[in-house]
Structure formats: structure tokens, C-alpha cells
1. Out of residues 5 or more away from Cys321 or on other chains, whose amide H comes under 5 Å of its own, with H placed 1.01 Å from N in the peptide plane?
2. Find the relative contact order for the chain and round it to a whole percent, using C-alpha pairs within less than 8 Å whose residues are 6+ positions apart.
3. More than 16 Å apart: what percent of Cα pairs in region 18-148 qualify?
4. If I stretch the segment between Asp457 and Gln346 completely, what's the gain in nm (0.36 nm per residue apart, minus their alpha carbon distance), one decimal?
5. Report the full-extension gain for the segment Lys38 to Val196: residue separation times 0.36 nm, less the Cα-Cα distance, to one decimal in nm.
6. Pop a pseudo-label 7 angstrom from the Cα along the beta-carbon direction at both Ser262 and Lys449 and give the gap in nm to one decimal.
7. Can you give me the relative contact order of region 404-462 as a percent, contacts being Cα pairs under 8 Å and 6 or more apart?
8. Could you compute Rg(Cα) / (2.2 N^0.38 Å) for region 404-462, with N its residue count?
Amino acid sequence: MIKLTQNDKLKGGCGTDIGHTLTIFAGFMKTRSLKKDKVNIITLGCSKNMVDSEVLSGQLLANDIDVVHENRKKDHNIVIINTCGFIDKAKEESVNTILEQVELKKKGKLEKVYVTGCLSERYRNNLEEEIPEVDAFFGTMELPQILKRFEADYKAELVGERLLATPSHYAYMKISEGCNRTCSFCAIPLMRGKHVSRPIEELVKEAETLVKRGVKEIMLIAQELTYYGLDIYKNRELPKLLHALADVEGLEWIRLHYAYPSKFPLEIIDVMKERENICNYLDMPLQHAANNMLKAMKRQINREEMNELIAEIRGKLPEICLRTTLIAGFPGETEDDVEELKGFLQEHRFDRVGIFTYSHEEGTSAYDLVDDVPQDVKEERAREVMEVQQEISYEKNQEKLGRVFKVLIDKKESGRYLGRTEFDSVEVDNEVIVHADRALKPGEFVQVKITKAYDFDLEGELVQ
Ligand code: SF4
């Protein structure tokens, strides 16, 4: 049951936080009739939710409706909130955002408030009852219904055309929707349904469109990336898709997120090795390392198999950057389990690690277990695990001192250029502080010699 409390604004969401400015592509904007609706889209949660907002924005604009993302000018009269319903913190942030916007409507600063996304998909009935001021709630697969509210039609021909909410030199690309896995802690299949892959041709067309518009780097995302193709091609076709995308002229970096360890198609690593523009980077959430936890989480893999998989991946591509995500405080987790998890990190020395505290989600099979680890203990365990990782990250960064790396410049912040190597994805990984004797542009690739190395970030001089 969702509880409505006016808490402090929280940072949350599944995997990666977002807040971006909208880049409007030429040729989309058209004039509109006298009373001009202006729609502000607020996106919460993960990069997959953001792609949905980008697709929605593209459709609205193609129907002559003015749309902005995270509008700071506040000159809009309609708001669409794309919510997250993944874990407690994210749900609370979504509810707070809805209540804030409803307050603005009550004050006459907004005419319409629409809500879509995962929280709306999961709790629509409760929300309709609890917040009747919202004009309409939509599920995660109801884009045409949202457009109907604007007397707009869904334009299938627009596939691949969306308004990016990211800076124009990188973009996320969702290669499939939904998930067929049954991880016991996860509510995503409840909100996103079964796994549906998008055809290779459609994804190549989308990549070509994005590159034509200045995108240099594409992050491939899904609920479960490595399942790609099993539904529409009856085979794991991620390697084939990677080759097709790597053939897109001008696409400099292709990055893989959300790989699943069980039945992992190792050919992916061969393609990564073979194709210059596929980053030597793999994000593969493992969630835990103690076998009793992996079993209770229904991860369909055990510690020994994970050890083997990591050894095989590194055997094929020693310089690969491995990122993983973990959960602290799952029901029944003991101090010994946490020690085992720390040992696992020390054994495999991942390059990047993210950690969540377990959230007891109704509708998941873990909800039948007793949520017996107190919240403060969950947080303490997460902190301990990240402390181990911080040391590993520091040591690994020291090894980069004096070396030269290709760096993609993302932005200039307080007079310093910030960028990333191929080993760093946006928002979740490390940054490189770049000192340059000339002006650098976002989206520019440069060579940087590393002069300083910190726990997570690096610092260096432009060499070319
Ligand atoms: S793979 Fe597991 S954790 Fe990931 S979306 Fe599917 S069920 Fe959830």
C-alpha cells in the first residue's frame, strides 16, 4: 500500500539518477494555434525511463505540441511526470514530485498534471484514489493514450527519432523492454512486463539517426541486456547486434549496461575485442556473492559459476572494465555473508561498484520473507562494502598515473573540463579532470596524460 507523506526531496531511482536539459533538434519545431499548450516532462528513475520521456517528447513535438524537459523557465501549463516505482526511496521521490506539481495546480500555476511511468503502472488504483487532483494516470506502455489527451496521434514512422534529454554527444538506446527473469527482490517485471526485443534493423536505424545528429557514444540499456533476441530470433543475438551497430559510421563508443551473468554469451567479449568502437566496458549486476543469498534472490547462478565467468571474461579481455551492482541487507543476510561479499570484491577487484540497500517490495517473491535486517544495519553494511571498493578503486587508479587515455569531454564545470575514458559511463562512474591550454568542446575526443589519481576520479593534462 503506498503511503503519502510530504518528506524531504530524496535522491533515488533504479540504477542511475538523471536530470538533464533538453536538446531540441532543428526541423521538429512548428508553430501552433493561439492558446499554446506547453508541456514540461519531469523524468524520475533510470535511463530506461528517460528514453521513454525522450520518445514521448518526440511524438508530442511531431504533433506540433511544444514540449520541454525539466523546464527551468516554468512557462509551461501542463506537466507530465514520468515516475519510478522500483524501491522505497524512488517511490517516495515520485510521490513527492506528484504532490508538488498538484500543489502548483491548486495555486493555478498549472492547468493539467499527468502521471505515467512505473509507479503509475504499479499503483494506479491507489494513486487515483489518493490524489484525485491528477488529471490522468497512465501505465508504462500507454504512450498512444497520453497523446490522445493532446488530440495527437502516435506516429510509428518516428521510430528512432526522439528528443534527447542528454547532452547531444551521447545517448542511451533501449534495445528491449521488460524482463523474463524472476529475481526475488525485483518489482520491474511487474511494471515492465515480459521481455520484448527490438529488431536489429530498427536499432541500427535509430543509431544512424542519433549519429547524424551529433551523438558519438551510445549506452545500450535494457532490463536484461544479454537476453536480447531470444524472443524474436529464438537465439541470443547481442553479438550480432553489436556488429551491426559497430558498423554505423561515426559511432565512436558503444557501451554495454545491465548484462545478466547466468548463461552469459561469451561471444560478446570476442566482439568487444574485435571492434574498436565497442568500449572495453561491461556493466553486469551480480547483486551478491554468498550462495545462500544468491539462492534466496533467485539469481540462477552461484558463487563458483560467477568466479568462472569473471575469469573467462578477463581471460579473453584482460583490460576490460567490469562494473557491478550489489544489494546489502537482503532478508536473512548475516555478517558472514557480508564478509563473503567483501572477500568477493577483494578477490575479483571490480573496477566500478554500485550498491543498494534492500527494499521490501510487495508483489515480489522476496516479500514473503521477513525483512529482518534493520535499515541502519543495511546502510552500515552498504557503507562497509563500498569502503572495501574505495580502496580497490584507489589502487587501480594509481596504476593509471603517467598513462595517456582517450577522453570524451562532457562539460566545463567551475572552470575545469570534465570527461570520461572508455572505462567510465555517464553519471555512475569516474570522471577525468582535464587541464588544457586551449578551449575544449563537449563531445570532443582528446588524449590526456594522467597526472593525479584519487579514490574514484582522475586528473590529467591535454597531450593533443
Ligand atoms: S534481471 Fe532480475 S533484477 Fe534485473 S530487471 Fe530482471 S528481474 Fe529485475
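1. Tyr281, Leu282
2. Working: 940 pairs, mean separation 48.0, N = 464.
The value is 10 percent.
3. Values: 5161 of 8515 pairs.
Here the long-distance tail beyond 16 Å is 61 percent of all Cα pairs in region 18-148.
4. Details: separation 111, 0.36 × 111 = 39.96 nm, distance 1.99 nm.
That works out to 38.0 nm of additional length.
5. Values: separation 158, 0.36 × 158 = 56.88 nm, distance 3.27 nm.
Contour length minus the Cα-Cα distance gives 53.6 nm.
6. With each label placed 7 Å out from Cα toward Cβ, I get 5.0 nm.
7. 37 percent
8. 0.97
The values are calculated or read from the model by the stated rules, or taken from the named source; none is laboratory data. Here the structure is a predicted model, which means the values were calculated and not measured. Positions of Cβ are backbone-derived with ideal geometry, glycine not excepted, and every protein chain shown enters the neighbour counts. What goes into the accessible areas is simple: the full protein's heavy atoms, side chains included, and nothing from ligands, DNA or RNA. Shrake-Rupley method; radii C 1.70, N 1.55, O 1.52, S 1.80 Å.
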